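Structure record follows, encoded as structure tokens.
The values are calculated or read from the model by the stated rules, or taken from the named source; none is laboratory data. This is a predicted model, so every value here is computed, not measured. Here the Cβ is made from the backbone with ideal geometry for all residues, glycine too, and neighbour counts use every protein chain on show.
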């Protein structure tokens, strides 16, 4: 009986471990491609913080704790959800992406940067995504909007933006 329970438990844990392994990226371009695959037709984009480095997650968590985010939901006293506040990869409320272009990474040691451009409806976007490799896995360490309309650096906005989101 104990053996059957052990085999059943192992059978449940292996798919979870495989799912976690699928979230690791040995290549910076593969990471960025995976991020934007969630914004294709019929796709459900996940929590953007799942791709963040520990440093960026810490900044994000501190911003949540310090109530940096301001939006209608927060003002109404509803529970905070990251997706409802700001997604640095797609900072628009709705998504209809076209002309998506993911550049080639510029990599130096354990750091890499990739530029991404796209149109969301008729709004052009240009992002620069900085990544860091930790334990062989690439993670997003910062995001900068470089387009003609919005200019921001995610880490700065999380720590020093006097206006919040």
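Kindly list the number of the only condition in (1) assigned to a strand (DSSP E or B); (2) modelled with pLDDT under 90 that fails for residue 93.
Unmet for residue 93, out of (1) assigned to a strand (DSSP E or B); (2) modelled with pLDDT under 90: (1).
Identify, please: which residue in the stretch 97-117 is surrounded by 14 or more Cβ atoms within 10 Å (Cβ to Cβ) and touching a residue at least 60 places away in the same chain (Cβ under 8 Å) and is, among those, farthest from residue 37 (Cα to Cα)?
Filtering the stretch 97-117 for residues that are surrounded by 14 or more Cβ atoms within 10 Å (Cβ to Cβ) and touching a residue at least 60 places away in the same chain (Cβ under 8 Å), the one farthest from residue 37 (Cα to Cα) comes out as 107.
Working carefully through the options 27, 47, 72, 23, find the one that is at pLDDT 75 or above and more than 13 Å from the chain's Cα centre (by Cα).
Unique residue meeting the criteria: 27.
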